[in-house]
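What follows is a set of notes on a single structure, which appears directly below.
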Amino acid sequence: MSKLRKTAPGTCNALEEKLEEITAHLQDFPKTLTMRNQGLFALGYYHQRAENRAAAKANRANQSTQG
């Protein structure tokens, strides 16, 4: 995050806000995950990456049509 904060502060702030939003809903977090929970975590991770990539692509397309 520190490198991102220097190179892309807006992106860093957006990620920090998203992390805060997610962690605010956690009661506790286990030290280890079962295989099933590891799989669920991985699926969620890649779904979120795909959503972030689609949003960035839409944002770039929107900026290119406006500018």
When every residue in the stretch 11-56 that is modelled with pLDDT under 95 and of a type in the set (Lys, Arg) is compared, the one farthest from the chain's Cα centre (by Cα) is 31
Report whether or not residue 53 is farther than 19 Å from residue 11 by Cβ and in a helix (DSSP H, G or I). no
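Any residue that is touching a helix residue (DSSP H, G or I) at 6+ places or on another chain (Cβ under 7 Å), surrounded by 10 or more Cβ atoms within 10 Å (Cβ to Cβ), of a type in the set (D, E, K, R) and modelled with pLDDT of 90 or more - is there at least one of those in the stretch 2-10? Write out each step before concluding.
So the first thing to find is which residues in the stretch 2-10 are touching a helix residue (DSSP H, G or I) at 6+ places or on another chain (Cβ under 7 Å), and the list is 4-5.
If we keep only those that are surrounded by 10 or more Cβ atoms within 10 Å (Cβ to Cβ) too, we end up with 4-5.
Then keep just the ones that are of a type in the set (D, E, K, R); that gives 5.
After this cut, where a residue has to be modelled with pLDDT of 90 or more as well, the list is 5.
Yes, some residue in the stretch 2-10 is touching a helix residue (DSSP H, G or I) at 6+ places or on another chain (Cβ under 7 Å), surrounded by 10 or more Cβ atoms within 10 Å (Cβ to Cβ), of a type in the set (D, E, K, R) and modelled with pLDDT of 90 or more.
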Residue pairs meeting the criteria (Cβ under 6 Å; at least 6 apart or on separate chains; first in the same structural domain as residue 59 (by TED's automatic domain parsing), in the stretch 1-17; second among the hydroxyl-bearing types (Ser, Thr, Tyr) and surrounded by 13 or more Cβ atoms within 10 Å (Cβ to Cβ)): none
Only residues that are more than 26 Å from residue 59 (Cα to Cα), surrounded by 10 or more Cβ atoms within 10 Å (Cβ to Cβ) and of a type in the set (Gly, Ala, Ser): list them for the stretch 11-48, please. 39
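The values are calculated or read from the model by the stated rules, or taken from the named source; none is laboratory data. Model, not experiment: these values are computed from the prediction. A quick note on method: Cβ atoms are made from the backbone with ideal geometry, for glycine too, and the neighbour counts reach across all protein chains shown.
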